[in-house]
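Next up is a structure, given as structure tokens.
Rule-based calculations on the coordinates, nothing more; no lab input. In this text the structure is predicted, and so the values were computed from the model without any measurement. Ideal geometry is used to build each Cβ from the backbone, glycine not excepted, and the neighbour counts take in all protein chains shown.
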Amino acid sequence: MLWASGHGAGGGACLGLATRGFGLGARTSRKTGAVGVRVYAVVAAGGFRRYATYRVATAAGVFTNTVFGFIVAYTFTALWDERPQLGGYDLSQAVTYVWIGQALLMTTAMMGGGFENELMERIRTGDIAIDLYRPADLQLFWLASDLGRAAFHLLGRGVVPMALGALAFDLALPADPLVWVAFLCAVALGVVVSFAIRFLVALSAFWLLDGAGVAQITWLVGLFFSGMVLPLTLFPGGLGALAQVLPWSALLQIPADVLLGKHTGWGLVQAYGFQLGWAAVLLTAGRLLQSVATRRVVVQGG
Amino acid sequence: MAEVEAGTEAEATQATAAAGTGEAGTGGVGEKLGAVGQLRAGIRAYRMIAAMWIRSTMAYRASFAMAAFGNFAATGLDFVGILLMFSHVDALGGYTLPEVAFLYGTAGAAFGLADLVMGSMDRLGRRVRDGTLDTLLVRPVPVLAQIAADRFALRRLGRVTQGLLVLGYALVVLDIAWTPLKVLLVPVMILSGAVIFASVFVAGAAFQFWAQDASEVQNSFTYGGTTMLQYPPTVFAKDLVRGVTFVLPLAFVNWIPALYVLDLPYPLDLPSWFAFLPPVVAGVCCVPAGAAWRVGLRSYRSTGS
Amino acid sequence: MESDFIALDGVEKVFDVRRRTGRLRREKTRVRAVDGISFTVPRGEMVGYIGPNGAGKSTTIKMLTGILTPSGGRVRVAGIDPARERTRLARHIGVVFGQRTTLWWDLPLRDSYRLMHRMYRIPDDRFKANMARCVEQLDLGELLDVPVRQLSLGQRMRGDIAAALLHDPEVLYLDEPTIGLDVISKAKVRDFLRDLNAERGTTVLLTTHDLTDIEQLCKRVMVIDHGRLVYDGALAGLHEVGESERTLVVDLERELPPVEVAGARVLKVEGPRQWLAFPASVSAAPLVAAVAQRYPLVDLSVREPDIEAVIAKMYADRSAL
């Protein structure tokens, strides 16, 4: 039940930015003929601001992340007391892993709750037809918006629980700022992988009447295989091997290992390569699916 | 539901007769309800609304079955986490897997029941924000019942079922020295625990009258509380255990009575009769929760937001 | 008793509004949303309650339904204090919120009615009769099995009106009942309300932006502004208060110079058609006679004043003081 901590705010955040953002894209393109990078920057900033308006929800979420951080940190402490060096972590690294998990839960949207509900709703209502005719690229638009959201969640939902965790527990946080930079890069790549997965999930609504079931299964699987329930290094045998190569490990396990200094030098490059590889594969798949879906919409005449 | 209505039929006819003939000012004395009457009216309304939602979800049986299974599987996931933990250790905080399963099952079933009955309460904030709470206030039944029963979803039985299955596993595997009292204590603790969690749901909803976006705070105590109660109390810091024993008495949901059943010591030095307090604690919890709800509703009605 | 079926006496509602003035600073301001309103409505009357946005209309309605507790003054509806006995009052009143449905969003319309049936403990025969009447007059037959969220605005409004009437309320509050409705639906709703008032003697209090609603339904109109009642009387009187003018449109045989008659001035000339303004309080008959006598008249029509403009003028006059 480690995932309950993201319940309300993410999914509850209201709709509305999307259309404004698209309007902006359309307007700019009329002048320049193509949608520039700046437009996506504006969309990303909009994604950030949109979540930033919910101050009370953010405070409530921080509280919840902190409570869960405490509970899980204690259970991990009991586990590592019994088996020091379990999964290759010492006690303080294991507890740090817990707080990284709480900090990234919303950022890499391990339990979903970002843009995909809104996109599914637009597909269900048919509004998507309007979006597809707009000059801003559907996938890039939502990616920009989701990156903005993730940036807010990292700052708004991640920093404070992590700081409180560091006050209450002995965390193995690196002193080297370069490790932090490497961590942030891994988080950013994790967000892109997470986005790519959720984009595919959202597009499934073109074929399924109700995407909610798929969404539920995805976040279920995502939580488990991202390492939120337990670090993937603790998964036994074949399950562990499988979990390590699935894309969800890019969401928490890899960023956490980067911060804990498990990936350095060539190992860090490999970790990034793994994340980039999945991002490329999944984004391409999303693009293909999008073009199939577009043809479908066009054939149906919107 | 027919039997509930029979007793109040006279009142109903009186009300409508008054409405029809225009004697509203003098009629309807029988409608002034006391606390018990209010509770009855609330339960009646709850059953009506919940029944309506069940009927409408049952129209799509396949979809319901999937959702119920999803709920079941989702809640099963954290037990898989516990199983994975126990694949590395024989005991956690001095507790074996079946003992932890006993805690997990009782906490899960109690919370599952509360979630089934009261799980919609966290939508109150949204209702305040979009103004739809007003539409509930002009109906002749208690608002609390209307909110709690809104979108009543039988699929939440998935969580109860999952908790009971784990509990069943624990009961089969554990070698408990059963006494009649212990046998009685198991269902009593689940029901009392459900009432304690329900109080938290109500208090959390009342808080949303002031902070409409704060539904997550109640998740800390409900979902967070269950997660905590699924693990042995020995795992947590003493102060935390004291907090959930004396301040927010979640420990009475399962820890204290369950450890009596299991013959295990509680980290705090409590007299053994504390194990039988859950029904009392549950009753006591309803008082501040109900008061918070009334204060919240009154505040809403005086500020309109 | 009957003449003060709805009675407000010096009713006030004061809100404390917190406004963010800086990054951290907040300012508390006191807003008198309703500032000492008194009126009575006899049983069976149909009253229009109008005013600009934020004037205190819906706050008044909320106090009349018991949703809000007044800060001061006395409210009685059917002899009941709404704030103190909200659930008891609920059986006597029906409420239609224009923008917010009281129906269950995800359930078929029929299910909502079934719930009302039980929730209000409506006797079976009354429920059946009321349903039949509403379904017929509001044209709901084909909508009963459609989930509410799939209904159009007009369909939902009709559904909401029916839901508010199944328990035979003595008072019906309508907040913008024709907003967003097409012309035919509007007419249907108005006919229904007129019949309801005439046949069943239901007291109706109506807030609206569409002044045709008021013209067609209400003999009496109350205007609220800045929380105060600024007018209470016949619709005709409102024209006088606003010193408004009606327009006589005359079609002459040919193009002529502007018509010259006493008591009217020409607003516009367009070919053989001319627009003449005259005080709304004066009968049109002498003017028509005068024009017909001196000019070759082909056709004519009288246009009622735009009441919205009248009210706007009233506000303008008031704020000028």
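Please list the equivalent ellipsoid semi-axes of chain B, computed as the square roots of five times the alpha-carbon gyration tensor eigenvalues, in descending order and whole angstrom.
With the √(5λ) rule applied to chain B, the semi-axes are 39, 21, 20 Å.
Rounded to whole Hz and in sequence order, give me ³J(HN,Hα) for the range B:127-135 from the Karplus expression 6.51 cos²θ - 1.76 cosθ + 1.60, θ = phi - 60°, writing x for Gly and Pro.
Per residue, the Karplus-derived 3J(HN,Hα) values read 5, 5, 5, 8, x, 6, 4, 4, 5 Hz.
Going by alpha carbons, how many degrees (0 to 90, nearest 10) lie between the helix axis of C:285-294 and the longest principal axis of chain C?
30 degrees
For the range B:60-66, take each phi angle, set θ = phi - 60°, evaluate the Karplus expression 6.51 cos²θ - 1.76 cosθ + 1.60, and give the result in whole Hz per residue in order, putting x for glycine and proline.
10, 4, 4, 5, 5, 4, 5
Spin-label point model (7 Å from Cα, Cβ direction): what's the B:Arg40 to C:Ala284 distance in nm?
Computed distance between label sites B:Arg40 and C:Ala284 equals 6.2 nm.
With the dipole of chain B worked out from charges on the C-beta (+1 for Lys and Arg, -1 for Asp and Glu) around the Cα centre, which of B:Leu136, B:Val100, B:Leu83 lies farthest toward the positive end?
Sorting the options by dipole projection puts first B:Leu136.
Now a separate question. Restricting to Cα pairs below 8 Å that are 6+ residues apart, what does the relative contact order work out to for the range A:196-251? Please round to a whole percent.
Over the range A:196-251, the number comes to 25 percent.
List the longest stretch of chain C that has no exposed loop site; here a site is one of the trypsin sites (Lys or Arg not before Pro) assigned by DSSP to anything other than H, G, I, E or B, with at most 10 other Cβ within 10 Å.
With a cap of 10 other Cβ atoms within 10 Å, the longest stretch comes to C:26-253.
Straight-line reach from C:Lys268: which aspartates and glutamates have Cα under 14 Å away, leaving out those fewer than 8 places along the same chain?
List returned: C:Asp251, C:Glu255, C:Glu260.
For chain B, what's the relative contact order in percent, using C-alpha pairs closer than 8 Å and at least 6 residues apart?
Value for chain B: 23 percent.
Under the Karplus relation 6.51 cos²θ - 1.76 cosθ + 1.60, θ = phi - 60°, what is the ordered set of whole-Hz ³J(HN,Hα) values for the range B:245-250, x standing for Gly and Pro?
Calculated HN-Hα couplings, in order: 9, 9, 9, 10, x, 5 Hz.
If you don't mind, there's one more thing I want to ask. Provide C:Asp35, A:Asp127 in ascending order of the number of other Cβ atoms located within 10 Å of each residue's Cβ, fewest first.
In order of increasing Cβ crowding within 10 Å: A:Asp127, C:Asp35.
Taking the number of other C-beta atoms within 10 Å as the exposure measure, put C:Val146, A:Val191, B:Val186 in order starting with the fewest.
C:Val146, B:Val186, A:Val191
Excluding B:Gly93 itself, calculate the net charge of residues whose Cβ lies under 14 Å from the Cβ of B:Gly93, where each Lys or Arg counts +1 and each Asp or Glu counts -1.
Charge balance near B:Gly93 sits at -2.
Could you pull out every one of the aspartates and glutamates with an alpha carbon less than 13 Å from that of B:Lys238, ignoring same-chain neighbours closer than 8 positions?
B:Asp269
Let me ask another. Over the alpha-carbon set of the range C:109-185, work out the extent along each principal axis and list the three values in angstrom, largest first.
Answer, in whole Å and largest first: 34, 28, 20 Å.
Can you tell me the relative contact order of the range C:245-304? Whole percent, Cα pairs under 8 Å, sequence separation 6 or more.
Contact order relative to length: 48 percent.
Follow-up question, since we're still on this one. Set the Förster distance to 60 Å, then compute FRET efficiency between B:Asp90 and A:Trp266 from the Cβ-Cβ distance, nearest 0.05.
It comes out at approximately 0.95.
Here is a further query. Can you compute the charge dipole magnitude of the range C:1-159 about its Cα centre, using +1 on each Lys and Arg Cβ and -1 on each Asp and Glu Cβ, nothing else charged? Give it in debye, rounded to the nearest 20.
Magnitude of the dipole: close to 1040 debye.
Follow-up question, since we're still on this one. Which listed residue (A:Gly158, B:Leu185, A:Trp266) has the Cα farthest towards the positive end of the charge dipole for the protein assembly as shown, taking +1 on Lys and Arg C-beta and -1 on Asp and Glu C-beta about the Cα centre?
Result: A:Trp266, furthest along the dipole toward the positive end.
Still on this structure: Applying 1/(1 + (r/R0)^6) with R0 = 56 Å to the Cβ-Cβ distance of C:Trp275 and C:Glu2, what FRET efficiency is obtained, to the nearest 0.05?
The computed FRET efficiency comes out at 0.75.
Among the aspartates and glutamates, which have Cα under 12 Å from the Cα of C:Lys188 when same-chain residues fewer than 8 positions away are ignored?
Reachable aspartates and glutamates: C:Glu136, C:Asp139, C:Asp213.
Next question, about the same structure. Provide B:Ser192, B:Ser272 in ascending order of the number of other Cβ atoms located within 10 Å of each residue's Cβ, fewest first.
Going from least to most buried by this count: B:Ser272, B:Ser192.
If you don't mind, there's one more thing I want to ask. Please report the projected area of the protein assembly as shown's Cα convex hull averaged over all directions, in nm².
Quarter of the Cα hull surface area: 46.7 nm².
Cα centroids of the range B:277-305 and the range C:147-169: how far apart, whole angstrom?
Rounded to whole Å, the Cα centres lie 33 Å apart.
Out of every Cα-Cα pair in the range C:6-239, what percent are more than 32 Å apart?
22 percent
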